[in-house]
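The values are calculated or read from the model by the stated rules, or taken from the named source; none is laboratory data. All of these numbers come straight from a predicted model, not from anything done at the bench. All Cβ positions, glycine included, derive from the backbone under ideal geometry; neighbour counts span all protein chains shown. Side chains are part of the model used for accessible areas, which takes the heavy atoms of the whole protein and leaves out ligands, DNA and RNA. Shrake-Rupley method; radii C 1.70, N 1.55, O 1.52, S 1.80 Å.
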Amino acid sequence: MGAIVSPPDAVAPLALARKMGLPRRLLVVLEGEGLANDATALVFYRFAVVAVSVGAFSLGHAIVNFAEIAVGEVLWGLCVGWGILKFRHWVRDPRLEILLSVLTPFLAYWPPQQAGGSGVLATVTCGLYISWNGLQLISAATRLQGIFFWDFLIYCTEGMLFLVTGLQARALFDAFNTYDPGSWLYRLC
């Protein structure tokens, strides 16, 4: 469980960095670093689950396996990012390019996930590669439409998450009220 809860959350530092007006590239690196920490924690968690379920653990094997996963996911993310950017440059239709931008994280995530990795590191690598190299290959018209589309999608997604959280909060409070405090204290002690 330590692998799951140990990576620091990058949301608060990123919000502070944005208010400070730090350069966009630095913000992208900070966000990528936070997601890379999360990916590392997920891989370590998977190792821990396997060790507990099998009953044995080999540190040497785990280090080699982790290095293979990390290198493989970074290479996959770079390949997907490079390929998608070349394809988007070739397509030159803003609507198709935005559709490709929606599909890109899934293409970067799914194969490493199915191969036994976490997929997050490949997705982060792909996103960083496209973010840094996309300015040369993606037209200004596509970037403007993409900014509007992604802002709208994020707004809708956050709204839905808050709605679902609010609906679940009511059910949790109702369930909490069915237990008496004495039984909660008894279970905690």
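The radius of gyration of the Cα set in region 55-118, together with its Dmax, comes out at 16.0, 54 angstrom.
Rolled with a 1.4 Å probe across the full set of protein chains, the surface gives Glu31 an accessible area near 80 Å².
What dipole magnitude, in Debye to the nearest 20, does region 70-189 give about its Cα centre under +1 on Lys/Arg Cβ and -1 on Asp/Glu Cβ? Kindly include the intermediate steps, with their values, before the conclusion.
Numbers: 7 positive and 7 negative charges, 68 e Å.
That gives a dipole near 320 debye.
Determine the equivalent ellipsoid of the chain by diagonalising the alpha-carbon gyration tensor, then write out the semi-axes as square roots of 5 times the eigenvalues, largest first, rounded to whole Å. List each step's numbers first, then the result.
Working: eigenvalues 251, 139, 50 Å².
Computed over the chain, the values are 35, 26, 16 Å.
Counting heavy atoms of the protein chains only and a 1.4 Å probe, report the per residue accessible area for the chain as a whole number of Å².
That works out to 70 Å² for each residue.
Kirkwood radius, region 100-184, all distinct C-alpha pairs, inverse of mean reciprocal distance: 16.5 Å. When the residues Phe47, Phe87, Phe149, Phe162 are ordered by accessible surface, computed with a 1.4 Å probe over the protein chains alone, the sequence from largest down reads Phe162, Phe87, Phe149, Phe47.
Placing unit charges on each Cβ (+1 for Lys and Arg, -1 for Asp and Glu) gives the chain a dipole about its Cα centre, and among Ala62, Val102, Gly72 the Cα reaching farthest toward its positive end belongs to Val102.
Surface composition of the chain: carbon and sulfur make up 73 percent of the accessible area, probe 1.4 Å. Quick one: net charge of Glu97's neighbours, Cβ under 11 Å, K/R +1, D/E -1? Around Glu97, the surrounding residues sum to +3. Relative to the longest principal axis of the Cα atoms of the chain, the long axis of helix 94-114 lies at roughly 50 degrees.
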